[in-house]
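J.: So that we are looking at the same thing, I have put the structure below in structure tokens.
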Amino acid sequence: MKNSRHKIAIIPGDGIGIDVTREAVKILEFINARCSLDLELVQFDFGADKYLATGVSLPQEQIDDFRENYAAIFLGALGDPRIPDMAHARDILFGMRFGLDLYVNFRPVKLFDVKLCPLKGKSVDDVNFVVFRENTEGLYVGLGGIFKKGTKDEVAVQESVNTYKGVERIIRYAFEYARAHGHSKVTMSDKNNALRFEGDLWYRVFQQVGEEYPTIQKEHWFIDALAMQMIKKPEQFQVIVTNNMFGDIITDIGAQLQGGLGMAASGNINPNGVCMFEPVHGSAPKYAGKNIANPFGAILTAGLTLEHLGFNKEGEIIEAAVRQTV
């Protein structure tokens, strides 16, 4: 059997996830053969069809297998109208994010051609930054509940969980990335003028960690102001770090700046373990099987996967091919 360093689990998912993953796998197979990377691509059928047939979404033993025997996971979009509560998608996506402690969500925002950008007068150099979203805490941990559901007295509570450990490690990762890639500024965004408790933790930790990187400028924006500035002047940003919910929102703004969700790639990273890579768009069931979904996000995600495995040159080849095709 090949070294686990070269094993990539492929989970096509649902809808157009199956379509675009197929194209990304073609690219991986071509690069694998042409550049003799010795990759082993292993297909898995976790998705709506399997869930509806067996009731199985993603068992714990499979997560353990990924952790112990794989170098990376490539995940396609999840979601199917036959499962309106998205139970299988939550089990699979959150199961891996939390089960594998993938605390870094990495979203490069890179414009390949000015024709794709909805902003007037912006060049490809103006839209070129990265966002680091904390991926395992915040509002997405699922704490809370509903009282008196279905009545006019119904109360819904959703709690945001932020730990020093979780905040410190994502902020440190952003600074380390900035230093390693020659960036001169890290921007942190919160809402500490309204969300005082989690905002206070984020702001204090940002200042504390930032002191260890004296050559890197430290910048802070409230999240609403940051969203506005991303539209007004995206060229001012290099590395952005924020919490789970805010990161979910502003990375979609970033995707639109680069040409839409079909152009956006992402990584879910644990620096000390197996990592998961996925294009960021949804499963768009009405377009499934019609050969019209944009595969570039999936193909660029394949490039990120290779770079994560240490094949930087091959990842750059994929990005250059997408840029030339655009």
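J.: Taking the condition hydrophobic (A, V, I, L, M, F, W, C) and under 30 Å from ASP49 (Cα atoms), does ALA227 pass?
T.: No: the conditions fail for ALA227.
J.: Now for a separate question. So GLN324 fits all but one of (1) surrounded by 15 or more Cβ atoms within 10 Å (Cβ to Cβ); (2) over 13 Å from GLY17 (Cα atoms); (3) free of Cβ contacts under 8 Å to residues at least 40 places away in the same chain; what number is the exception?
T.: (1)
J.: Could we say that ASP45 is surrounded by fewer than 22 Cβ atoms within 10 Å (Cβ to Cβ), of a type in the set (Asp, Glu) and out of contact with any Asp or Glu (no Cβ under 6 Å at 6 or more places or on another chain) here?
T.: Criteria met by ASP45.
Residue-wise test of (1) over 23 Å from the mean Cα position of the chain (by Cα); (2) closer than 24 Å to ILE269 by Cβ; (3) of a type in the set (S, T, N, Q).
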| site | (1), (2), (3) |
| --- | --- |
| PHE129 | no, yes, no |
| VAL155 | yes, no, no |
| ARG179 | no, yes, no |
| ASP190 | no, yes, no |
| GLU198 | no, yes, no |
| ASP224 | no, no, no |
| ILE231 | no, no, no |
| ASN243 | no, yes, yes |
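J.: Further question: Can we say ASN272 is modelled with pLDDT of 95 or more and polar (S, T, N, Q)?
T.: No, not satisfied.
J.: Taking into account only those residues within segment 232-259 that are small (Gly, Ala, Ser) and open to solvent by less than 10 Å² (accessible area, probe 1.4 Å), which is nearest to GLN158 (Cα to Cα)?
T.: Across segment 232-259, the extreme among qualifying residues is GLY247.
J.: Can you pull out the residues in segment 118-161 that are free of Cβ contacts under 8 Å to residues at least 24 places away in the same chain and among the charged types (D, E, K, R)?
T.: Within segment 118-161, LYS120, LYS148, LYS149, LYS152, ASP153, GLU154, GLU159 meet the criteria.
J.: I've got another one for you. Are there any pairs with C-beta distances below 6 angstrom linking a residue in segment 198-209 that is touching a residue at least 24 places away in the same chain (Cβ under 8 Å) and closer than 13 Å to VAL241 by Cα to a residue that is in a helix (DSSP H, G or I) and open to solvent by less than 20 Å² (accessible area, probe 1.4 Å), with the two at least 6 apart or on different chains, and if so which?
T.: Cβ pairs passing all conditions: TRP202/VAL167; VAL205/VAL167; VAL205/ILE171; PHE206/ILE171; VAL209/ILE171.
J.: Suppose we filter GLU219, GLU212, GLU168, GLU198 for residues that are loosely packed, with under 15 Cβ neighbours inside 10 Å and of a type in the set (D, E, K, R); which single one remains?
T.: Only one candidate passes the filter, namely GLU212.
J.: Could you check PHE129 against (1) outside any loop (DSSP other than H, G, I, E, B); (2) open to solvent by 40 Å² or more (accessible area, probe 1.4 Å) and say which number it fails?
T.: Exception for PHE129: condition (2).
J.: Under 8 Å between Cβ atoms, at least 6 apart or on separate chains: pull out the pairs that start in segment 275-289 with a residue that is closer than 14 Å to ALA24 by Cα and end on any residue that is part of a loop (DSSP other than H, G, I, E, B) and not hydrophobic (A, V, I, L, M, F, W, C).
T.: GLU278/GLY76; PRO279/GLY76
Matching residues to (1) open to solvent by 30 Å² or more (accessible area, probe 1.4 Å); (2) over 24 Å from GLU198 (Cβ atoms); (3) not in a loop (DSSP other than H, G, I, E, B):
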| residue | (1), (2), (3) |
| --- | --- |
| LEU93 | yes, no, yes |
| ARG97 | no, no, yes |
| ASP101 | yes, no, no |
| VAL109 | no, yes, yes |
| LEU119 | yes, yes, no |
| ARG133 | no, no, yes |
| TYR140 | yes, no, yes |
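The values are calculated or read from the model by the stated rules, or taken from the named source; none is laboratory data. Since the structure is predicted, the reported quantities are computational estimates derived from the model, not experimental observations. A quick note on method: Cβ atoms are made from the backbone with ideal geometry, for glycine too, and the neighbour counts reach across all protein chains shown. Ligands, DNA and RNA are excluded from the accessible area calculation, which covers all protein heavy atoms including side chains. Shrake-Rupley method; radii C 1.70, N 1.55, O 1.52, S 1.80 Å.
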